[in-house]
């Protein structure tokens, strides 16, 4: 299995079909390889060889009987450690959940299993998915496989790194303000944030419920679309889960893009590094050559997005993280009184970024400040979502950068939380509007750092987004 | 805006979050900086704008309601439900004594 590190879903399936290897051999080799490579990047927190091998045995039995092995049959996949996995430790990269073993699977994980995936392990991330660099993990930062002294992005840094490093064929991440797309762009892989509600949030450890999305990361557009196909759909266990039928992404993706209209949001080309801008413009030239029409559009409330987002997400986080009180979730710091036990458990076991967000969220929701902050932010969210509906009226999709700059050095932005928050400017808006968006590789800087091109489309129009991304990839993208 | 150490301590009490002195200092600085940035929202007129609590739901508001019956898929037994307890006993979660006799 020399190609393990660059395997695509199609290659795995072909290898199994032509008996180059069995699913069990693949599962063992995938876990062995991931464990051996992990010290370089720290991308995995936990390995799940038993899960991978038991799934593999089922695949081999199906192959022997000549049965269909499923959409992801035999495909080694990593799962971000904020998604609950039955019987497999789920830490959220926090000391608070160091020994937490869920009693149930997240719906997205259950669907991966039903589709035949081999779950290799749990991917490192920022603590409770709060961060843009993966430096907020209680178990150490993840290193970017492309350049080991740089961050992989965050919060799904481990999920992006394993795909770039080749220690999984694809992975699941979660995106609340860019946590799939930004690490995908930093590591040079494909990352997809579907429409809000498209993938069930059941079993995703809640950070900001009105903004949380589950989505795939993979080495190409087709693989990302395949994983999304497997996990999308209505789930009665998530009350906000969408009813809309799920498209056949692999079929829709191959339709021509000739004549498609693309909007360029002018506000997303202000204040980004020149080299990043050059790559995105080069990407737009590729799309024009494919017959797309490109025109400038405006998302006028963009300058207010960071404030709006960090009020809503911290408010929801302060509420969601209230459950970690030293009673139900494994960890406790003993104290004489109940209140002291709560405070000491939370004070000692949450990391600094979680504390900062709990504090901000508690403050913006507190008596006398609610209208000025939380209610105001909810109104601004209406305006930001409205910007996208207006812009998408005249075009099929929007194209923009994912991040103003490529992967930065580990430690470079940790001293100043506001600077870190500002780096999310181009991605948080997609979550606020609940629209599907993705990052697709768009060349590298002179220093060899990947740049990601972002594509946004309208609610439930993932197919439109995949069509553009697939055509772009097939055309060779940007060198 | 200024966010004092006293402000930090007050909010930390509301959040049941024990902070040490160094963290109180750091938090006062960081929250001051972030809240200053957030003040920009007050310059935006939103008097005729509806707040958005939920970005998208593609069905009637009652679509997720269901019959009040036991759902087997999400049912955990007592043992299973207590497995992750910090401390349990006699089928219950145990916490420090709350009521003195």
**Asked** Of the residues that make up the stretch A:297-315, is at least one in contact with a strand residue (DSSP E or B) (Cβ under 9 Å, 6 or more places away or on another chain) and surrounded by fewer than 15 Cβ atoms within 10 Å (Cβ to Cβ)?
**Response** yes
**Request:** Scan A:153, A:140, A:121 and give me the residue that is surrounded by 24 or more Cβ atoms within 10 Å (Cβ to Cβ) and not in a strand (DSSP E or B).
**Result:** A:153
**Asked** Out of all the residues in the stretch A:407-431, which are away from chain B (no Cβ under 14 Å) and either over 28 Å from residue A:189 (Cβ atoms) or in contact with a strand residue (DSSP E or B) (Cβ under 6 Å, 6 or more places away or on another chain) (or both)?
**Response** A:407, A:409, A:426
**Fill in**
Scanning the stretch B:44-81 for residues that are within 9 Å of another protein chain (Cβ to nearest Cβ) and not in a loop (DSSP other than H, G, I, E, B) gives B:73, B:74, B:80, B:81
**Request:** Can you tell me which residue within the stretch B:30-61, out of those that are surrounded by 14 or more Cβ atoms within 10 Å (Cβ to Cβ) and in contact (Cβ under 8 Å) with a residue 24 or more places away in the chain, is farthest from residue A:194 (Cα to Cα)?
**Result:** B:32
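Being more than 10 Å from chain B (Cβ to nearest Cβ), in contact with a strand residue (DSSP E or B) (Cβ under 6 Å, 6 or more places away or on another chain) and not in a helix (DSSP H, G or I) narrows it down to one of A:259, A:263, so name that one.
On the way: A:259 fails: in contact with a strand residue (DSSP E or B) (Cβ under 6 Å, 6 or more places away or on another chain).
Step by step, each of A:259, A:263 is checked, and only A:263 is more than 10 Å from chain B (Cβ to nearest Cβ), in contact with a strand residue (DSSP E or B) (Cβ under 6 Å, 6 or more places away or on another chain) and not in a helix (DSSP H, G or I).
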**Prompt:** Out of all the residues in the stretch A:25-41, which are crowded, with 19+ Cβ neighbours inside 10 Å and in contact with a helix residue (DSSP H, G or I) (Cβ under 8 Å, 6 or more places away or on another chain)?
**Reply:** A:26, A:27, A:30, A:31, A:33, A:34, A:41
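Please go through the stretch A:90-104 and pick out each residue that is touching a helix residue (DSSP H, G or I) at 6+ places or on another chain (Cβ under 8 Å) and within 19 Å of residue A:125 (Cα to Cα). Break it down into steps so the answer makes sense when it comes.
Here is the first cut: in the stretch A:90-104, the ones touching a helix residue (DSSP H, G or I) at 6+ places or on another chain (Cβ under 8 Å) are A:90-96, A:103-104.
A:90, A:91, A:92, A:93, A:94, A:95, A:96, listed by residue number.
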**Prompt:** Does the stretch A:442-455 contain any residue that is under 22 Å from residue B:37 (Cβ atoms), part of a loop (DSSP other than H, G, I, E, B) and either touching a residue at least 40 places away in the same chain (Cβ under 8 Å) or out of contact with any strand residue (DSSP E or B) (no Cβ under 7 Å at 6 or more places or on another chain) (or both)?
**Reply:** no
**Request:** Specify the residue that is nearest to the other protein chains (Cβ to nearest Cβ); the eligible residues are those in the stretch A:354-379 that are surrounded by fewer than 23 Cβ atoms within 10 Å (Cβ to Cβ) and in contact (Cβ under 8 Å) with a residue 60 or more places away in the chain.
**Result:** A:378
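Here, each number is a calculation from the coordinates, and none is a lab measurement. As the structure is a prediction and not an experimental result, all values here were calculated from the model. Neighbour counts are summed over all protein chains in view; Cβ atoms, including those assigned to glycine, are modelled from backbone coordinates with ideal geometry.
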